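The values are calculated or read from the model by the stated rules, or taken from the named source; none is laboratory data. Keep in mind that what you see is a predicted model, and the values were worked out from it rather than measured. Positions of Cβ are generated from backbone atoms using ideal geometry, with glycine treated the same way; all protein chains shown enter the neighbour counts. Areas reflect the complete protein model, heavy atoms only, side chains present, ligands, DNA and RNA absent. Shrake-Rupley method; radii C 1.70, N 1.55, O 1.52, S 1.80 Å.
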Amino acid sequence: MTMKKTLLVFLFFLLAAPFARGEAGISVKDPWVRQNPPGTLVTAAYMVIENPGATADELLSVSCDCSAEASIHVIEMGEDSMVMKEVPSIAVPPGASVGLSPGGSHLMLEGLSGDIKDNVVLELKFRSGARISVKAPVLSPQAAQKRSHHH
Amino acid sequence: MKKYYLPLAALVLIALVWFGVLGFLGTGNGTFHGDEYRRPAFDFSLTDHRSQKFSLSDHTGKVILLNFGFTNCPDVCPTTLGMLGEVLDLVGDERAMALFITVDPERDTVSKLGDYIPFFHGSIVGLTGSEQAIKQVNDACGTLYSKEQETLEDDYLVIHSPAVYLIGPGGEIMLRYPKEKLDPGKIADDVKRLLL
Ligand SMILES: [Cu+2]
């Protein structure tokens with residue numbers, strides 16, 4: 001490779017980086033979506049959101065190419081019950097990572113376009129202006145169980 | 001001095017055996033991973049997801065894991081059902097059974113459950129019935145559920161207990177697993193122990 005080519009490739013990655021990872025340095029790891037059981041058009045997406053930066057950020061909204069609606073949910077535990085509550089945002093403090101996981105905070109996908117499989121694309125918008133688009137694998141109940149043992 | 005040795009040794013031996021037995025009994029009751037939850041034997045009759053009548057009393061001698069939920073539940077119910085499927089695989093014994101009782105009989109018909117349940121595991125049994133019959137099972141387990149009305153008439157959630165209840169071979173409710181104790185390996189251990 002010539003010097004010029006190397007420089008061009010380097011420049012390309014330098015320019016592409018902010019688009020791939022979001023300007024604020026915020027990133028999404030291990031995204032996945034629960035395969036919807038037959039006859040249902042609702043499911044949930046999970047992931048870990050990392051904020052390596054020095055400023056607080058906040059997840060403001062979500063959308064999915066697989067569903068009409070997507071919202072941010074937290075779980076409130078009662079004495080013998082649990083309730084999902086939609087919240088307007090989820091804070092991602094500086095230097096922290098926030099996990100969205102089964103039985104906890106999650107992204108709820110409603111009005112699925114049908115039975116989802118393989119991968120879906122989720123788009124997340126943050127207060128900092130960062131927009132992250134991630135491809136999330138669709139996991140069967142068995143695959144989801146296996147996954148829960150490794151994390 | 002020498003003549004005291006024998007009775008003393010005997011006393012020490014008796015004490016050791018006594019405390020040993022107590023200790024064994026103590027841990028014997030305490031090593032279940034689920035919370036002890038003694039409730040008397042009860043019975044119920046509902047319809048399963050294959051349209052068959054299901055009575056609890058027809059399954060005496062089995063260890064049954066019971067869970068409440070509804071099919072329109074996006075996160076908690078599928079998580080628990082996946083977990084219960086893994087428990088059944090880990091136990092690998094036909095005397096272990098997992099039941100999913102809907103708290104939304106209005107929408108969760110037999111055919112709806114027939115589509116839904118086998119997706120998680122071929123051996124999980126989905127149950128529905130009259131509002132009254134389902135409330136009776138909830139009462140027997142000491143748990144409550146209620147409809148949460150959303151903006152759209154047809155788009156409600158049902159607030160319910162995420163816990164799993166273990167029914168022993170005699171039909172009595174023995175253990176309760178709250179949300180934080182829903183660990184398939186540990187639940188499978190308890191089930192295996194009861195099937196010994
Ligand atoms: Cu939700």
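Tabulated values for the structure
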item: Accessible area in the full protein assembly, largest first, 1.4 Å probe, for B:Arg39, B:Arg50, A:Arg34; result: B:Arg50, B:Arg39, A:Arg34
item: Solvent-accessible area buried by pairing A with B, both sides, nearest 100 square angstrom, 1.4 angstrom probe; result: 2300 Å²
item: Per-residue average of Cβ from other chains inside 10 Å of A:135-147; result: 3
item: P(r), alpha carbons of the stretch A:18-151 - 5 Å bins starting at zero, rounded %; result: 2, 10, 20, 23, 20, 15, 7, 2, 0, 0
item: Value in Å of the Kirkwood radius, where the stretch B:33-195 supplies the Cα pairs that are averaged; result: 15.7 Å
item: Candidate aspartates and glutamates for bridging to B:Lys53, where Cα separation is under 17 Å - those fewer than 8 sequence places away on the same chain excluded; result: B:Asp43, B:Asp108, B:Glu131
item: Formal net charge of residues neighbouring A:Ile49 (Cβ-Cβ distance under 11 Å; K, R +1; D, E -1); result: -3
item: Exposure of A:Ser140 as accessible area (Å², to 10), given a probe of 1.4 Å and all protein chains; result: 40 Å²
item: Restraint check, A:Lys85/B:Lys186; B:Lys62/B:Lys186; B:Lys135/B:Lys179; A:Lys117/A:Lys146; A:Lys125/B:Lys147; A:Lys135/B:Lys147, Cα-Cα greater than 27 Å; result: A:Lys85/B:Lys186; A:Lys125/B:Lys147; A:Lys135/B:Lys147
item: Share of carbon and sulfur in the accessible heavy-atom surface of the stretch B:92-168 [1.4 Å probe, %]; result: 50 percent
item: Debye, to nearest 20: dipole size of the stretch B:33-195, +1 on Lys, Arg Cβ, -1 on Asp, Glu Cβ; result: 580 debye
